[in-house]
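Input: a single structure, listed below in structure tokens.
The values are calculated or read from the model by the stated rules, or taken from the named source; none is laboratory data. Note that the structure is predicted; figures quoted are calculated from it, not measured. Heavy atoms of the whole protein, side chains included, go into the accessibility calculation; ligands, DNA and RNA do not. Shrake-Rupley method; radii C 1.70, N 1.55, O 1.52, S 1.80 Å.
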Amino acid sequence: GCGGGGAGQGAPSAVEGGRAGRYPAQGAVRPKALWPVVGLRNQGDRVTFSAKWNSTYGTDGVLVVKNTLALDEVLDVYAGSEKTTPPNRPEFPEWFVQEAFSEYQRWKNGSWCRSGTRGSGPFELASCGLNVDFNCSPPACAAASALLGLRFALLAGDRVRLKRSAGRILELAEEAIVLGAYQGRLYYRIVSQKSEGGSLTEGGGRSWCWDESEVVEGIPTIGDPKGRGIPLPLMNRFRCTSPGGLQVVYEGGAVVRSDLEIFEGSLNLGSIPVNTVLPRKDVLERRVNSCGVVRYRVRFGAIEGWISSSIRGGKEEAIVAPLLNSDDCDSETGEKTYETAQECALIWYERYQQDSTSRIGEQEFEIANIDCFKMQLQQGVISGISLAESDAFISQAIGMISDACEGGNPLDVSFNELATAISYGLAAKCDQTFPAQLGSAAINQVAATAFCAITSDLPRIESLMARVALIRAFNR
């Protein structure tokens, strides 16, 4: 349960509805403090707090006033442009142009994207801090994959099948798309939810992150993976690092189960007697399950399964203990170890770059510095109309094109997809030919309709893209 209401998935609103009790919030209440309420019935009852949560302290009044003044400063430029000719046209403040240039670089590189999470409200930026900016770059996604103990990196745009969620095995696999990394966690969004009558409109369609218990069997990709199957080194936290392996110290022995989680579907495969020493080579993996219990995947004779490091509940007595000394010469494998996720990502990224040498990025839209960007902004204003009218037309055209794209939001459309559509629209207005294999036919047709609606001459594609970046920065 929860107290005080919240902007999350159907949190109670804390508003009394007469004798019928509280009204359900359905994710549409005014954002308030959300306090977890946990009921403990018996002495010794415990609660496990998962690491999968996000929170925010909100926005203070000083920041709101600063943003309001900054907005007024930008709008003054648009208002002043209605009464002046181009040579005397007022210029945007330097800080705003710098933000637009940074937005252009991030957008072109495709390294960042913004998305609401399952903790966000129903309106864009209604719950400040819970709408997050994901790092979509390969190194960041590889580091987040390493923190999950994956053997192959998942990159932004990969489509995957989900088989587990919150410590349970799904009846039917769900399809999701990888979004990027945020605070060391790999986020995804479900695009096809089939199990248990789930609905994407009730939170399932918002982005959320994995933990290491949900990827114990790996995450199969749909189609060719963007990481190209390059192996990702395994961090030490997922290995047995004690040279002598593990020793069973619990009097009742260690119960071996078939699954990482401890539930009814996890079969009891047998037990390992007390004082048994499991050499390091037989301790295959270390993970934390959804209840916060450290589990080891071990091989004991003909049995291979999972054992716990300690008893769940009670005094949490230790079941196994690491052996720091070993006389076994095979315990030293000589294999390189990795303490941090950044080390794993660095090794992986070096191989990734070597495999990417044959792929050359487009240099057509490269802007060297802020001065070149300012020049493109000036050239991006449509001749014959005011600055405000020019940006209004560009904004309307981009909105029409974005409606035909998959995301539907102008801030979510990729740089290359929009550049291709605008290039087609400009070619159609000038009765020029355009390669038919580039872009989507439906999106290109919308772009042609949008740009042919104006009689004025339009700027070059490079200048228009710079202008779009400025409008994007204004909407941030």
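Starting from the residue with the highest accessible area, list ASP412, ASP158 in decreasing order, probe 1.4 Å. Can you show the working numbers first?
Numbers: ASP412 85, ASP158 5 Å².
Largest accessible area first, the list is ASP412, ASP158.
Shape annotation for the range 436-476: C-alpha extents along the principal axes are 31, 24, 17 Å, from largest to smallest.
As a test of reading the structure, rank GLU212, GLU389 by solvent-accessible area (1.4 Å probe, protein chains only), most first.
GLU389, GLU212
From the square roots a ≥ b ≥ c of the eigenvalues of the alpha-carbon gyration tensor of the range 223-276, which class results: rounded (a/c under 1.5), prolate (a/b over b/c), or oblate? Taking the square roots of the gyration eigenvalues as a ≥ b ≥ c, the range 223-276 is oblate.
Please tell me which of these pairs span more than 31 angstrom C-alpha to C-alpha: LYS163/LYS315; LYS66/LYS226; LYS163/LYS226? Result: LYS163/LYS315; LYS66/LYS226 exceed 31 Å.
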